[in-house]
Structures are given as C-alpha cells and as structure tokens.
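Comments concern the structure below.
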C-alpha cells in the first residue's frame, strides 16, 4: 500500500510540473464515471461529453492548485459538477423539434414533454463507471440511477437541487464534502436535498411501484425482446399491443410529443405501421435497458430512422422512448445497413 501511495505521489508531482502523461495516468481511472456524472446532470450524451472535456482541461490548467485536502476523485467531481451547473444555468438547450414529415400528421398526443433534450447513454460505456465504490450516504442503486426514467426526473429539478441529490443520494458524498464542492454551507446542502427528494418523489412514485423488470440478458428478458422485435419488424400492431402495459408511456425526444396509455400508444403505432410495413431492428442497450437501432428499407437502401429503448415491467413493456437517427453513431451503429447479397 505504501508503494502505491508513493507512486501516486510521484505521478502527482510530475503532473503538477507539466507532465501530460502523468496527468492522464492520474485522471484516466475516473474519466468514465465523471462522464456518467455529467450525463446524469445534463441528460444529454453530447453535453456530457463536452462538460467532461471542459473538466479535464480545467483540471490540467489548475492542477498546481490541488492541495490534497480532498482526494483527486473528489476534486475532479467538484470541477465537473460546477461545469455542468454552468451549462444548466446558461440555458443553452437544444430547442424542441417539430414533426417534420411532409404530408402526414401524427395522432393527437396526450401531452407535451418539457425534457426534449434527453439523449440515451450506451451501456457499452457503462463498464467500470457504475461499479465504483459509493460513499456511505448513497440511496439509489447505480443501475436505477442511470435509467431513462430517473435521468428524466432529475432534469425537472432546479440546478442546485439536481447537483446535491446526485452527489448525496446517487454517489454518496457526505454533506460537508458536497458543501465544499458547491462553495456553500452544510445547512444549505441539507435544505436543497430535502426539496430535491420531495421533487423526485412526486415524479417517480408510479415508476418505483411498478413490477421489477427481468434481469439483463436473462431468458425472461430475451423472450420479451424477441417478441417485440418480431412484432415491430413485421409491423404487427396486434402483437405489439399485446406486449404493452395498460399505462404504457411513450416519448420521442427531441420532439415533445408524449403518448400515455395503451389506447394512445396503439393509435400512434397504427399510424406508423400504416405508412411502413417492414422494419429491421439491430439490438443494442441504452441506460441499462434493451434498445434497438431502427432501419427502414427503401428503394435506395435500408436506412436508419431512429433508436428505440424499451423499459420492461415484469413481462410487459411499460415505457418506450424513441430517439432520432443521429444517436445511432454513439452506439456504434451504422446509418445504413448493407444490402443483402
């Protein structure tokens, strides 16, 4: 242990003297978890990546001021959190997108969502990011706190409450550590946390009361996924509807359209399947949930039209989130599939 500490001290000395390789060796172990932290705060993969880059640049430029009173990890979280708060306060959010398919109009939505900048997070980037040891104050499971429902609920909170809840209840930092990160008092942190918890309880009660989904990659999950793929690829509306819960919810950021309830979602898919009778789905995972790149065959090839993430409730689908085709590359998926030989 003493040898490890000496090596870390040597790396820090070299990094503070301007050694870029030493800096990367010190910060790389924290990079992935910091990206997830920024994603939880901002709800956007691209915004999170930008905030992470700003964090690393600020850390490099300010490393000589690191005095070791807190751990390097805590110091990096301080920088990342404040970079995200700057982004939230500047209100530089992507505008909601309007329906843009000429000559067609979707069914009347049951509501219009306010969190239209939400983007999915690839499970492939979660390895090592949600298995880090948490502090003693953590209240949420790491897999729960990356779900689309949880991240969406976070975005409703005011920026300071959002930061405090993530640092305290998701990551488990102590109140005095959070107060130091945010340049405020412990009393202010406790007050913000109380209000943030109340806001989350108003947003999440129906979700947390639902039946738990099958384990990832279990036979039970695979069976539901196979039925979904079969129904969607063949545009079989009856087979798809049979998989939905009564209170199923569908959203489609960056468009604000929301459909709640089986009847409403059925009307939407009847509209979609009425114009396209065949799709191809390519499986992936997003936010700990089954997801699929969706491709539409056309005379000029099979082109990506979006990405679907489904939230399972027991042996049914309780929520569906459709994202733009622009997110496909984030998941390593092509924008067009090769033609069949």
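Please treat every number below as a calculation from the coordinates, not as lab data. Computed from a predicted structure; not experimentally measured. Methodologically, a virtual Cβ is constructed for each residue, glycine included, from the backbone with ideal geometry; neighbour enumeration extends over all protein chains shown.
Secondary-structure-derived ellipticity at 222 nm for the chain, considering helices only, amounts to -14500 deg cm²/dmol, per-run term -39500 (n - 2.57) for DSSP H runs with n ≥ 4. Compactness ratio for region 1-92: Cα radius of gyration over 2.2 N^0.38 Å (N = residue count) comes to 1.13.
Go ahead and set up a Gaussian network model of the chain, Cα springs under 10 Å, then flag whichever of 163, 17, 80 fluctuates most. Of the options given, 17 has the highest mean-square fluctuation.
Given region 44-135, report the % of alpha carbon pairs whose separation exceeds 24 Å. Here the long-distance tail beyond 24 Å is 44 percent of all Cα pairs in region 44-135.
Here the gap between residue 260 and residue 86, fully extended at 0.36 nm per residue and compared with their Cα-Cα distance, gives a gain of 59.3 nm.
Residues 121, 232, ranked from the fewest to the most other C-beta atoms within 10 Å, line up as 232, 121. Max-minus-min Cα coordinates of region 219-337 on each principal axis give 38, 30, 29 Å, with the largest extent listed first.
Among 194, 227, sorting on how many other beta-carbon atoms sit within 10 Å of each Cβ, with the fewest leading, yields 194, 227.
A full extension of the chain between residue 73 and residue 238 corresponds to an added length of 54.3 nm, given 0.36 nm per residue minus the alpha carbon distance. For helix 219-233, what angle does its Cα long axis make with the longest principal axis of the chain, in degrees from 0 to 90 and rounded to 10? The helix 219-233 is inclined about 50 degrees to the chain. Take the Cα of residue 329, step 7 Å toward its Cβ, do the same at residue 28, and the gap between the two points is 2.5 nm. Against the set (1) 128; (2) 158; (3) 167, the structure's computed volume of the Cα convex hull per residue in Å³ falls on (3). Modelled spin labels at residue 108 and residue 8, positioned 7 Å past Cα toward Cβ, are 6.1 nm from each other. Between the helical axis of 186-203 and the longest alpha-carbon principal axis of the chain there is an angle of about 10 degrees. Take the Cα of residue 21, go 7 Å toward its beta carbon, and none of the backbone nitrogen atoms of region 63-103 fall under 17 Å from that spot. The angle between the Cα long axis of helix 20-42 and the main principal axis of the chain comes to about 50°, on a 0 to 90 degree scale. When the chain is treated as a GNM with alpha-carbon contacts under 10 Å, the residue of 231, 153, 215 showing the greatest mean-square fluctuation is 215.
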